[in-house]
Amino acid sequence: NATQRWVFESHFLRISRLSERVSYDDKRVTPCKIHSMTFTGLNLTGVVIAFFVSFISGAIWFGPKTFYPVWMKARGNASGQLTTAQNKPALLFGGTILGVLIQTFTVALLVNSLGNNSEDFGVTDGALVGFALGVGIAMFASLSHRLFGGENLKVWIIETANDAINLTIAGAIIAYFN
């Protein structure tokens, strides 16, 4: 629609003219434009360490002395034992490794891209990116599925809180090494 396009362009031009008058000499205001999402300049050491920390954290989180018994009971499995059909180590650990790798590289892409476009992007910023992804996406993307599926909220909290914590830690580690 031509009217909608004109309104958008008019609003965009007004904003761009306004930004020309703003001085960024004041250190409290830091412009941040992401010119591209990139892995260029990414320190892979940080990604590897973040992956291992996340994987080990998940193993501890779901360990027999931590949340595993509570989690399994909340899922309706009082014994805590997987059935023969469920107990497929290659699939369980292979899927977990793949999932943690994808999560870690996604955080790395965002932290690296934001860090490349900001002189003062630090560990806290990386942790905040990880936290935003962990809580805002990892946790709440599955909430409606769980609610409509009739699953226990305790299960949702145990599973997704671990993701949010791991993504927060991964963001901090990746930012530290970048």
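Overview of values
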read-out: One residue from ALA161, ALA127 being of a type in the set (Gly, Ala, Ser), within 15 Å of the chain's Cα centre (by Cα) and surrounded by 17 or more Cβ atoms within 10 Å (Cβ to Cβ); value: ALA127
read-out: Unmet criterion (only one of (1) in contact (Cβ under 8 Å) with a residue 40 or more places away in the chain; (2) among the aliphatic types (A, V, I, L, M); (3) under 22 Å from THR45 (Cα atoms)) for ILE158; value: (3)
read-out: Residue ID - farthest from ILE173 (Cα to Cα), chosen from residues in region 72-95 that are open to solvent by less than 50 Å² (accessible area, probe 1.4 Å) and hydrophobic (A, V, I, L, M, F, W, C); value: ALA74
read-out: Any pair with Cβ under 8 angstrom, 6 or more apart, that starts in region 62-73 at a residue that is part of a loop (DSSP other than H, G, I, E, B) and ends at one that is open to solvent by 60 Å² or more (accessible area, probe 1.4 Å) and of a type in the set (Val, Ile, Thr); value: THR66/ILE60
read-out: Subset of region 37-61 (residues that are of a type outside the set (A, V, I, L, M) and in a helix (DSSP H, G or I)); value: THR45, GLY46, PHE51, PHE52, SER54, PHE55, SER57, GLY58, TRP61
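The values are calculated or read from the model by the stated rules, or taken from the named source; none is laboratory data. Everything quoted here is computed from the prediction, not taken from an experiment. Note that we place each Cβ from the backbone using ideal geometry, even for glycine, and neighbour counts take in every protein chain shown. Keep in mind that these areas ignore ligands, DNA and RNA; they rest on the heavy atoms of the full protein, side chains included. Shrake-Rupley method; radii C 1.70, N 1.55, O 1.52, S 1.80 Å.
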